[in-house]
Amino acid sequence: MLARNRAERRFGTGGRFVRESSLLAGIVILLCMAGAAKLSAQDKNPFANDAKAAKLGESQFRANCAFCHGLGARGGGRGPDLTRAQKRHGNADADLFRTINEGVPGTAMPPNGATQQGVGMTEEEIWQVITYIRSVQAKAPTQIMGNAAHGKELFYGNAACSTCHMIQGKGGRLGPDLSTTGSARSTEYLVESVRSPSRRLAQGISEAMKEFSQEYETVTVVTADGTKLMGVVLNEDNFTLQMMDTREQLHLLQKDKLRSYEKSRGSLMPPYDQKMLSDKDLQDLIAYLLTVGGQ
Amino acid sequence: MRSKWIKAIFFAVSMAMLVSIVAVLPAGAQVTAQRLLDSGKEPQNWLMYSGDYAGRRFSTLEQINISNASKLIPKWAYQTMAGGKFETTLLAVDGILYGTGQDNRAFALDARSGRPIWQYQRALPADIRPCCGRVNRGLAILGDKVFLGTLDAHVIALDAKTGNVVWDVTTVDYRGGYSITLAPLVIKNLVIMGVSGGEYGIRGFIDAYDAATGERQWRFYTVPAPGEPGHDTWEGESWKIGGAPAWITGTYDSATNTTFWTTGNPSPSNRGEGRAGDNLYSNSLLALDPDTGKLKWFYQFSKHDEHDYDATQVPVMVDQGEKHLIMQANRDGFFYVIDRSSGKLVYATPFAKVTWSDSKDASGTPIARKDASPTLDGNRVCPGAAGATNWMSPTYDPQTQLFYVTAREQCDVFSTAPQAYEAGHAYYGSAYFPNDDAAPFTGALRAIDPSTGKIRWEWKHPSPTWSGVLSTAGGLVFTGDAEGNFIALDATSGKALWHFQCGASVYSSPMTFELDGKQYVAVAAGSALFTFALP
């Protein structure tokens, strides 16, 4: 459905969803889009600063977006905090429209109408949602508090984050890649992830038709030959387990061949308390994540 | 001499024609209303959505059984190449399979090879409003036609041999938020179906169309109009947009000439304010006369629902001695047993985690807790909005006398906020979110003993699944999981005997058929149909 929606529900210059009735029509539309998209009226929100539209948009937001982005657009476990002025995938009206309508490939953000829960929105409703987001977002980019350079030193040095986490290709593999985390998560979420990593486990692989993502659960197994392995679950089903051990070795196992199999929702990451990481250092670390994530 | 030759040739040709007629007869034989009534006599076929009028999704085929299920192998796959949820249950009729795909595709396949005989796809308007995917659950068949309900709220008869459109009727203007996703049910000469649209403030209905012409024979509105019984269960004008869609296939008791249909949530689903009252006939079991559409009786499950607990689960007919019952594992988390002669509840007992209700009325029907209502900031309630189960079919196995259902253990945070109704626009009265419990959501196939309401065994799924369940006389139950496995279990013990990784979550209910003395089991997963048989 994802691909199909993108192919069939193009946003034409007339400001309406058009269905391709022929290849020719499609080409004409594409040409129109290429030629006029930058200048056409739909790049501007027709409801900008309209309080009534923002209210309608809030209803749409609750029904279609809050599932991931949280009530009040402040970010949830899966979606970024949209009250920030910065948006990773563009902050112009047309960018927001495109992100909502077409989704973001490679992320959990689906095209409009392609979620398995909730309904799709009309063009008008998307603009209402954008009006709502504008009404709750910060007016200017917030100054990042903290010393990002020192945060980077901590990440690769004393805090030892890079033992398990990678940023822009450098670091370990056991935990999630943190290159874009700064823009994808709220600051509260980042703080919680460092101070109490077991409270909400990070999400791993999301399969196309599966409702829930795999999480970074801890697993301990004893194989048929008595080898004990501990690591994170990369994926699993009732019959098989794909895991990475603490030495970053992959193990692809059949559960019925294991001597024992034990899973825990305690994260392999230690909780960083004040002694391990002061509030000041944590702020610097988050400043680094936000800086990198915004790039 | 010449005439003798001509006679001989004529004779030979006649014989050849006769032989060929005999050879093709099974594929050409028409499905009569009587064959549908007697579906149990031809277990090689699967003539309607749930396999029989009782809605049991049980087959007497036993070639595949507990002793050999571990040897099952895939025989062929058919790819629709369409994305989204693939929810069809195939019909099997004398060597031909009929099914539907995403975006109102329909097809007929050679059951031996999976090769298509015809393929159909409806040109849908761009502004259709299906709530939960561009899905369809299957066809119904009668005579030389198969019947399809569409996402733009039409009912279409396709020629079973060619896929050509024979008739096409509009049930209602889809722009009001109506769509059709269920497989219709054929009773006598009527095609009976209901609508989806509980997320759009529709006024639900169940229709019957003449299978030959498409002419509508009756309509039963699931929300009563002024002056009709039950209308006083709606506040003010709220009945006009009261919802109560009927989006899962019903069942039929020919002994009493009664068809049983179930209905979904009142609209808006997450906000009870403005629709004070029980909101009949939302979340109800309806006993209708199939000839006239007249209501014989009804039973309402969760009254004045605020958690999207559609009762749209197949109402399964089960006879226990002299007792004629309907069993339903409901989305609200209770397993209900109802006397289908009177509509009286026998009992209701939870089969999954329930927090929305902690008491029952005099009839034994669960009552909602006052503090279970959605709030502006959200209120955590179990089951979640997707329910303790959903549209995926359960099965009743008369051999084990157990009722098997896919259970989902998921709670949600339900929020509510005022929302103005606009025709054709989503109308939830806010929404729901997964809560951030420490424990992940799970699922299970549960075997319920209807004589006690107790769970005999369960097979745990790593995450909630949308697969239905099939039981067979081979002592097996078949189901799928969200991780992509299609699984055969021992119906008595719940032990897994075999599985196959389909490569994508199973969002459908399996079926079985027999051809050339070989039993097949079929299921849709991802974009493909898979069939399995013994080597």
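Nothing in this text is a laboratory measurement; each read-out follows from the coordinates by a stated rule. As the structure is a prediction and not an experimental result, all values here were calculated from the model. Quick reminder, even Gly has a Cβ in these numbers, built from the backbone with ideal geometry, and neighbours come from all protein chains shown.
A few notes on this one:
- Annotation: peptides B:499-509, A:160-170, B:82-92, ranked by per-residue average of other Cβ atoms within 10 Å with the highest first, follow the order B:82-92, B:499-509, A:160-170.
- Amide H contacts of B:Tyr427: B:Tyr200, B:Gly201, each under 5 Å away and 5 or more positions distant or on a separate chain (H built 1.01 Å from N in the peptide plane; Pro and chain starts excluded).
- For the protein assembly as shown, the residue among B:Ala525, B:Ile66, A:Leu250 whose Cα projects farthest onto the positive side of the dipole built from Cβ charges is A:Leu250.
- Take each residue in B:478-486, count the other chain C-beta atoms within 10 Å of its C-beta, and the mean is 3.
- Highest average packing first - B:319-327, A:214-222, B:240-248, Cβ atoms within 10 Å: B:240-248, A:214-222, B:319-327
- Computed magnitude of the charge dipole of the protein assembly as shown (debye, nearest 20; Cβ of K, R +1, Cβ of D, E -1): 1360 debye
- Inter-label distance for A:Ile205 and A:Met230, nm, one decimal - labels placed 7 Å from Cα along Cα-to-Cβ: 2.4 nm
- Segment B:381-527 - Debye-derived log10 I(q)/I(0), Cα point model, q = 0.19 Å⁻¹: -1.11
- Taking 0.36 nm per residue of sequence separation and removing the Cα-Cα distance, the B:Glu228/B:Leu37 pair yields an extension gain of 65.4 nm.
- Applied to segment B:458-475, the Karplus parametrisation 6.51 cos²θ - 1.76 cosθ + 1.60 on θ = phi - 60° returns per-residue 3J(HN,Hα) values of 9, 10, 7, 9, x, 9, x, 10, 10, 8, x, 9, 10, 10, 9, 5, x, x Hz, with x for Gly and Pro.
- Per-residue mean of foreign Cβ neighbours for A:62-72 is 5 (Cβ atoms of other chains, 10 Å radius).
- Förster-model FRET efficiency, 22 Å R0, B:Ser493 and A:Phe239, C-beta, rounded to 0.05: 0.80
- Pairs of Cα atoms in segment B:314-421 fall into 5 Å distance bins, from 0 up to the last occupied one, in shares of 2, 12, 18, 20, 18, 13, 9, 5, 2, 1, 0 percent.
- HN-Hα J in Hz across segment A:215-222 - Karplus 6.51, -1.76, 1.60, θ = phi - 60°, x for Gly and Pro: 10, 7, 7, 9, 10, 10, 10, 10
- Fraction in percent of alpha-carbon pairs per bin - 20 Å, the protein assembly as shown: 15, 46, 31, 7, 1, 0
- Helix B:2-28 axis, angle to chain B major axis (alpha carbon atoms, nearest 10°): 20 degrees
- Shape class of segment A:44-142 from the alpha-carbon gyration tensor: rounded, with the ratio a/c of largest to smallest axis under 1.5.
- Hydrodynamic analysis of chain B uses the Kirkwood radius over alpha carbon pairs. Inserted into Stokes-Einstein at 37 °C and 0.692 mPa s, it gives a translational diffusion coefficient of 140 µm²/s.
- For segment B:310-345, backbone nitrogen atoms closer than 19 Å to the point 7 Å from B:Thr292 Cα along Cα-to-C-beta are found at B:341-343.
- Shielding of B:417-426 by partner chains, average beta-carbon count, 10 Å: 4
- When peptides B:196-202, B:221-227, B:172-178, B:486-492 are ranked by their average number of other Cβ atoms within 10 Å per residue, the highest-first order is B:196-202, B:486-492, B:172-178, B:221-227.
- Within segment A:275-295, backbone nitrogen closer than 14 Å to the virtual label 7 Å beyond the Cα of A:Ala160 toward Cβ: A:276-277
- Annotation for A:Ala140 and A:Val104: the two label points, set 7 Å from Cα along the Cα-Cβ direction, are 2.5 nm apart.
- Average Cα contact separation per residue, chain B, under 8 Å, 6 or more apart, as relative contact order %: 14 percent
- By the count of neighbouring beta-carbon atoms within 10 Å, fewest first, A:Arg62, A:Arg74 end up ordered A:Arg74, A:Arg62.
- The orientation-averaged projected area of the convex hull spanned by the Cα atoms of segment A:140-244 comes to 9.5 nm².
- For segment B:97-239, the calculated P(r), taken from all Cα-Cα distances in 5 Å bins from zero up to the bin holding the longest distance, is 2, 10, 19, 21, 18, 14, 8, 5, 2, 1, 1, 0 percent.
- Where a label projected 7 Å from the Cα of A:Ser278 along Cα→Cβ would reach, residues of segment A:154-171 with amide N under 16 Å: A:154-155, A:158-159
- Fraction of beta bridges assigned by DSSP in the protein assembly as shown that are antiparallel (%, nearest 5): 95 percent
- Comparing segment A:201-268 with the 2.2 N^0.38 Å rule of thumb, its C-alpha radius of gyration ratio is 1.07 (two decimals).
- Simple spin-label estimate for A:Arg265 and B:Ala212 in nanometres, 7 Å along Cα-Cβ: 6.1 nm
- Between segment A:48-75 and segment B:318-379, the Cα center-to-center distance that results, in Å: 34 Å
- Here the sum of -39500 (n - 2.57) over DSSP H runs of 4 or more residues, divided by the residues of the protein assembly as shown, equals -5000 deg cm²/dmol at 222 nm, to the nearest 500.
- Interchain or long-range residues, amide H under 5 Å from B:Tyr281's placed H: B:Val223
- Segment B:34-92 - charge dipole about Cα centre, Lys and Arg +1 at Cβ, Asp and Glu -1, debye rounded to 20: 140 debye
- Residues whose amide H lies under 5 Å from that of B:Gly364, counting only those 5 or more places away or on a different chain, are absent; hydrogens are built 1.01 Å from N in the peptide plane.
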